[in-house]
1. Restricted to segment 43-66, and to residues that are of a type in the set (Gly, Ala, Ser) and farther than 17 Å from Ile77 by Cβ, which residue is most open to solvent (accessible area, probe 1.4 Å)?
2. Would you point out the residue of segment 38-65, among those that are touching a residue at least 40 places away in the same chain (Cβ under 8 Å), part of a loop (DSSP other than H, G, I, E, B) and of a type outside the set (Gly, Ala, Ser), that is farthest from Asp99 (Cα to Cα)?
3. Give the residues of segment 75-113 that are loosely packed, with under 13 Cβ neighbours inside 10 Å and acidic (Asp, Glu), sorted by residue number.
4. When you look at Glu82, is it more than 16 Å from Val110 (Cα to Cα) and either in contact (Cβ under 8 Å) with a residue 24 or more places away in the chain or part of a strand (DSSP E or B) (or both), yes or no?
5. Consider Lys37 carefully, then state whether it is at positive phi and either modelled with pLDDT under 95 or surrounded by 12 or more Cβ atoms within 10 Å (Cβ to Cβ) (or both).
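The values are calculated or read from the model by the stated rules, or taken from the named source; none is laboratory data. As the structure is a prediction and not an experimental result, all values here were calculated from the model. Because the Cβ atoms are built from the backbone with ideal geometry, glycine has one as well, and the counts that use them run over all protein chains shown. The area values use the complete protein model at the heavy-atom level, side chains included, leaving out ligands, DNA and RNA. Shrake-Rupley method; radii C 1.70, N 1.55, O 1.52, S 1.80 Å.
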Amino acid sequence: MRMFSKSAFLAAAFCALTAAGAQAQQATEIQLSYKDKKFTPAEVTVPANTAFTIKVKNLDAKAMEFESKPLKIEKVIAANSEAVVNVRAQKPGKYKFVDEYNEDVAFGDVIVK
């Protein structure tokens with residue numbers, strides 16, 4: 001029977017934990033696009049009690065303002081550009097976001113479960 005050395009075992013454990021950490025980071029990034037006064041997707045789900053990132057791509061020829069009062073975030077995004085918004089861990093619930101310049105038609109929800 002072949003025995004692994006302690007250093008080989010630790011190296012394998014480190015690789016497994018690093019891969020798991022990378023998957024966890026990927027799971028907490030949301031990608032939204034904005035065009036013609038609409039967000040796609042208009043509803044996204046994230047895990048509760050975990051910080052997450054929202055990456056917003058503004059595909060319009062005009063600037064927009066990504067805002068969520070319940071999440072306490074606000075970011076102006078220039079035309080044909082993108083921005084990243086970091087969001088603190090949230091309790092379960094439904095959190096509305098809007099383009100503040102067109103909030104009557106351009107909105108969506110972050111569902112925290």
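1. Ala51
2. Asn49
3. Hit for segment 75-113 is Asp104, nothing else.
4. Against the criterion (more than 16 Å from Val110 (Cα to Cα) and either in contact (Cβ under 8 Å) with a residue 24 or more places away in the chain or part of a strand (DSSP E or B) (or both)), Glu82 qualifies.
5. On the way: at positive phi: yes; either modelled with pLDDT under 95 or surrounded by 12 or more Cβ atoms within 10 Å (Cβ to Cβ) (or both): yes.
Considered against the rule, which asks whether it is at positive phi and either modelled with pLDDT under 95 or surrounded by 12 or more Cβ atoms within 10 Å (Cβ to Cβ) (or both), Lys37 comes out as yes.
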